[in-house]
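Since the structure comes first, as structure tokens, the remarks are kept for the end.
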Amino acid sequence: MSDWNANIIAEFRENAGKVGGQFEGAPMVLLHHFGRRSGQEYVAPTMYLADDGDPDLIYVFASKGGAPTNPEWYRNLTAAGKGTLERGTETYQVIVKEATGADRDRIYAEQARRYPGFADYERRTAGVRTIPVLELKRA
């Protein structure tokens, strides 16, 4: 794990799910997932979007900062179909499903409206990949 991720994870846990710096005020979760080949547990901090109608559903975005490839956590979570989430002071199991088509586009557009960096990520990946959106539903 990078020092950058380790610092965000520590700050998240020390402050009931809140972090500062470039993520000040942004909704964050910690995604626990297992390597598809290694079986090793990993933790990835990421921003999320809460579903307006279902308090047990959130969306995460495999943006990888606009990189040309998907993050490993995306591959691991979709392969497993489940994971564990730290949200605020709660830790719970989630079922993972990929949003597709118009649903994916609507959810991503809302995230980009709230956090313009996501619009930049989408511009950087245009013609290379579509940034996946995962639905994480409390199990």
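Size of segment 1-78: Rg and Dmax of its alpha carbons, in Å, are 13.1, 37.
Taking a straight line from the alpha carbon of Lys97, these lysines sit under 24 Å away, with near neighbours fewer than eight places off in the same chain left out: Lys64, Lys82, Lys137.
By definition, a body whose alpha carbon gyration tensor gives a ≥ b ≥ c is rounded when a/c is under 1.5, and segment 3-138 falls into this rounded group.
Using the Cβ atoms and a cut-off under 15 Å, what net charge is assigned to the surroundings of Gly117, where Lys and Arg are +1 and Asp and Glu are -1?
+1
Our summary of shape: the Cα atoms of segment 65-108 have principal axis extents of 30, 22, 20 Å, ordered from largest down, in whole angstrom. Extension gain for Glu14-Thr100 works out to 27.4 nm (0.36 nm per residue, less the C-alpha to C-alpha distance).
Along the charge dipole of the chain, Cβ charges K/R +1 and D/E -1, which of Ala26, Trp73, Ile8 sits furthest on the positive end? Towards the positive end, the residue furthest out is Trp73.
Modelled spin-label separation between Glu90 and Val128, with each label point placed 7 Å from Cα along the Cα-to-Cβ direction: 3.6 nm. I need the calculated FRET efficiency for the pair Ala109 and Tyr42, taking r as the beta carbon distance and R₀ as 22 Å, to the nearest 0.05. Between Ala109 and Tyr42 the formula returns 0.15. Sorting Val19, Val133 from the fewest to the most surrounding beta carbons within 10 angstrom yields Val19, Val133.
Bear in mind that the values in this text are calculations on the coordinates, not laboratory data. Every value quoted in this text rests on a predicted model; they were computed, and no experiment measured them. Virtual Cβ from ideal backbone geometry, glycine too; neighbours counted across all protein chains shown.
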